[in-house]
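Down below is the structure, laid out as structure tokens.
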Amino acid sequence: MESLYAPLSESVAKALADKTYDKRKLAGVEIEKIVVELNLKNNSTQIKKLIEVLTINYAASADVNRRKGGLIALASTTLGLGKDCELYIKELVTPILNCLSDPDLRVRYLASESLYNVIKVARSAIIPMFPEIFAALTRLVTDPEQMVKEGGELLDRLLKDIVTASSQSFDLNAIVPLLRERIYVRNQNARQFVISWISVLNAVPEINMVVYVSEILDGLFLMLDDQMKEIQRMCETLLAQFLKSIKKDPASLSTESTINILIGHAQSSNDLIKKTAIEWIKEFVMLSGSEMLPYASGIFTAILPCLSGSDSKGAIHLCAVSVNESLLQLITSKENQEENMKKVNMSKIMNVFRQYLSSNSVQTKVAVLKGLQQLFTELPNEMSEEAATLFPVLLMVLSDSSDEVVLPALAVLAEIVNSTHSASEDETESYKNLLKKLLNLFLEDKELLENRGSLIIRQLCVLLNPEAIYRTFASIVYENVTNMKFASTIVRSLNMILLTSSELFELRNTLRDVTNKKSSELFQCLYKSWAHCPVSTLSLGLLAQCYEHVSELVVKFANIEVTLELLCELDKLVQLIETPIFSSLRLTLVSKANQSSDAQHLAHALYGILMLLPQTEAFKLLKNRLQCVPNYWGQNPIDDKQSLQNQSGINFLALLQHFDRVQKLHWEQRMTQRKHSVIQWDLTKRND
């Protein structure tokens, strides 16, 4: 009867299960001899039966010594087969792989040793089983026992040599899914193992790993966050090598999946990950050009926060600035503009820009605003649809604490107004739309008007038509503002800017000649709203050289409630009279032109102002000025027809009546508010 272990003899079978290593080793030597003989006779049936016996009765046995003996025997079988082992490679390797997960430390070690010996003989014949071996090897290098781990490292080095030498027949599609799966492991040994394999494969000239970069890139970026510096260094080196290869052959890479991975990691809280991702994005923008336009919104999402320059060395900031500028240049380029615009989703980009206009970073907000200005300047037609949604956000930006943000925001608003005006050919409406919203903002935020009002209005006058700005402001205040106090405040601000700002030099010159039809119309337009503020009305009359009207206005002050606020305004007016802006006014006081008519009315007006002032420094200043004026004009009757005011053709009687009506409205509103305050106070006292 044939032995249960045939073709093994009873003695060999027994020795193979012995508890001592030496006896098992000797049994292995005997098995090698048996296999050599069988192989020489081409007795594949007996060889297969032998491998089956070694697998079932030994390698898969519940007895630990049998498992150890089985592993030695399988390696010996491979040695006996030599190159012919490739005919039985799956049967030889599978039971060994199963033992690599054995709970016994010695069995796991012997399994790694056995597999090493099998692979050393089989060489390239092992390639078809590479996925299974690689998976098992991953477990070995993370084994808690150092001895097993070292055995795995030896096996790993051998396998890398074989794969490198067999690169022509190596199926990369078989290993990439394994790498992609294991690249997310947290164990540091496993991470080093995976990185080392990717590096080895990438170093083989015949293997093009760039094709598979998008599949492993995400995991590599995550490894940059590893606490072990060696893993970080390995990842940095590998990513640099990949980027170098991509530059040489960008067509081999999947752009869409790769750029989306980069966009995600560019928003990482880890500076190294963020820096590396943005450097990659920078290269992609340079390499692919307009092909990056479909991903513009995602790229802006990633890089705009990096413009804050928060990283210690500023490398992230500088790289982000470069990407931002390059991307904007691509979008606004005149070359192939029609085709490029089809690739750009402007609505998505604007959503990103609106989001970052609420950022805490000044640099980010400034970059967004400059980007918007560039887009509106270069692509006015394409941006016209976005103007409506951007408008309210930009207005809110005007409340920002930094002038660096407010000024470019105004520039963008001006571009929107200009583009709207160009499209509709209605300057008045486009200006009115902006200034109405601005006045509402001032009404809601008094501090903004007080702290930034002058800057905002002056800058708008630089960027847009200052005369149109003032005409529109005056029209809105006259027609739409029902809050008398606010109307007075805004007029006071506009008047002070008009009188003092260098940006409004031309506008002041226009107003000085009311005999001109255009100047006359401008004066009357401003007057309707300036009437909300008595002292501002005086200033406007003085600037326009309507001195007779000013002298009549001063008399009206007897019927106006003289408050501390009004006296302060008169004080400022006196100070302004001493500035170069009113030098022509001072010279009028000594002029004999038009039979000194203007001079006499002006003197009368100034004396009236003097009488309204308490005896402060302003009183003394104006008194001293008037004492320098000769009194030669009082000797002859005044011919009012000779004055500039009468040559203007303006109906000043109607203007006086308008002034009275407006001041009456102010008085009525003040009375209503006072009554309301008294009632509220009385109710509060009762409740107490």
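The values are calculated or read from the model by the stated rules, or taken from the named source; none is laboratory data. Quantities reported herein were computed from a predicted structural model and do not represent experimental measurements. In this analysis, Cβ positions are derived from the backbone assuming ideal geometry, glycine residues included, and neighbour counts consider all displayed protein chains. All accessible areas refer to the heavy atoms of the entire protein, side chains included, with ligands and DNA or RNA removed. Shrake-Rupley method; radii C 1.70, N 1.55, O 1.52, S 1.80 Å.
Results, tabulated for the structure shown:
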| quantity | calculated |
| --- | --- |
| Residue list for region 363-382, restricted to those being open to solvent by less than 60 Å² (accessible area, probe 1.4 Å) and farther than 23 Å from Ala320 by Cβ | Pro380 |
| Test result for Leu159, over 28 Å from Pro7 (Cβ atoms), aliphatic (A, V, I, L, M), modelled with pLDDT of 90 or more and open to solvent by less than 70 Å² (accessible area, probe 1.4 Å) | yes |
| Hits in region 577-606 (condition: of a type in the set (A, V, I, L, M, F, W, C), more than 19 Å from Asp513 (Cβ to Cβ) and open to solvent by 20 Å² or more (accessible area, probe 1.4 Å)) | Val590 |
| Looking only at region 244-254, and only at residues there that are in a helix (DSSP H, G or I) and open to solvent by 40 Å² or more (accessible area, probe 1.4 Å), the one that is modelled with the lowest pLDDT | Ala251 |
| Residue list for region 526-541, restricted to those being within 14 Å of Asn651 (Cβ to Cβ) and open to solvent by 10 Å² or more (accessible area, probe 1.4 Å) | Lys528 |
| Meets criteria (in contact with a His (Cβ under 7 Å, 6 or more places away or on another chain), assigned to a helix (DSSP H, G or I) and either hydrophobic (A, V, I, L, M, F, W, C) or open to solvent by 30 Å² or more (accessible area, probe 1.4 Å) (or both)) for Leu307 | yes |
| Matching residues in region 477-493 - criterion: being without any contact (Cβ under 8 Å) to a residue 40 or more places away in the chain and assigned to a helix (DSSP H, G or I) | Glu479 |
| Extreme residue, most open to solvent (accessible area, probe 1.4 Å), among residues of region 186-224 that are farther than 20 Å from Asp161 by Cα, modelled with pLDDT of 90 or more and of a type in the set (A, V, I, L, M) | Leu222 |
| Search result, residues across region 323-339 that are more than 18 Å from Glu279 (Cβ to Cβ) and of a type in the set (Val, Ile, Thr) | Ile331, Thr332 |
| Identity of the residue in region 98-112, under 55 Å from the mean Cα position of the chain (by Cα) and in contact (Cβ under 8 Å) with a residue 40 or more places away in the chain, that ends up nearest to Pro144 (Cα to Cα) | Leu105 |
| Entirely in region 510-592, the helices (runs of 4 or more DSSP H) that have 2 or more residues that are touching a Gly at 6+ places or on another chain (Cβ under 9 Å) | 517-530, 547-556 |
| Yes/no for Thr301 being open to solvent by less than 20 Å² (accessible area, probe 1.4 Å), among the β-branched types (Val, Ile, Thr) and in contact (Cβ under 8 Å) with a residue 40 or more places away in the chain | no |
| Lone unmet requirement of (1) polar (S, T, N, Q); (2) open to solvent by less than 60 Å² (accessible area, probe 1.4 Å); (3) at pLDDT 85 or above for Asn624 | (2) |
| Top-ranked residue in region 225-236 [being part of a helix (DSSP H, G or I) and either open to solvent by 60 Å² or more (accessible area, probe 1.4 Å) or in contact with a Gly (Cβ under 9 Å, 6 or more places away or on another chain) (or both); ranked as farthest from Trp197 (Cα to Cα)] | Lys229 |
| Output for region 17-30, where each listed residue is in contact with a Gly (Cβ under 7 Å, 6 or more places away or on another chain) and part of a helix (DSSP H, G or I) | Arg24, Ala27 |
| Helices (runs of 4 or more DSSP H) (entirely within region 49-136) containing at least 2 residues that are open to solvent by 10 Å² or more (accessible area, probe 1.4 Å) and either β-branched (Val, Ile, Thr) or in contact with a strand residue (DSSP E or B) (Cβ under 7 Å, 6 or more places away or on another chain) (or both) | 64-81, 89-99 |
| The one condition in (1) open to solvent by 50 Å² or more (accessible area, probe 1.4 Å); (2) without any contact (Cβ under 8 Å) to a residue 40 or more places away in the chain; (3) part of a helix (DSSP H, G or I) that Ile263 fails to fulfil | (1) |
| Pairs with Cβ under 7 Å, 6+ apart, first in region 157-182 and closer than 15 Å to Ala203 by Cα, second open to solvent by 80 Å² or more (accessible area, probe 1.4 Å) and assigned to a loop (DSSP other than H, G, I, E, B) | Ser167/Glu206; Gln168/Glu206 |
| Helices (runs of 4 or more DSSP H) fully within region 332-441 counting 2 or more residues that are over 22 Å from the mean Cα position of the chain (by Cα) | 337-343, 380-383, 403-424 |
| Condition check for Ser288: open to solvent by 40 Å² or more (accessible area, probe 1.4 Å) and not basic (Lys, Arg) | no |
| Those residues of region 442-476 which are part of a loop (DSSP other than H, G, I, E, B) and closer than 17 Å to Asp400 by Cα, in sequence order | Asp445 |
| Near pairs, Cβ below 8 angstrom, 6+ apart or cross-chain, from region 545-569 (within 21 Å of Leu665 (Cα to Cα)) to any residue that is of a type in the set (D, E, K, R) | Lys556/Asp660; Glu561/Arg670; Glu569/Arg492 |
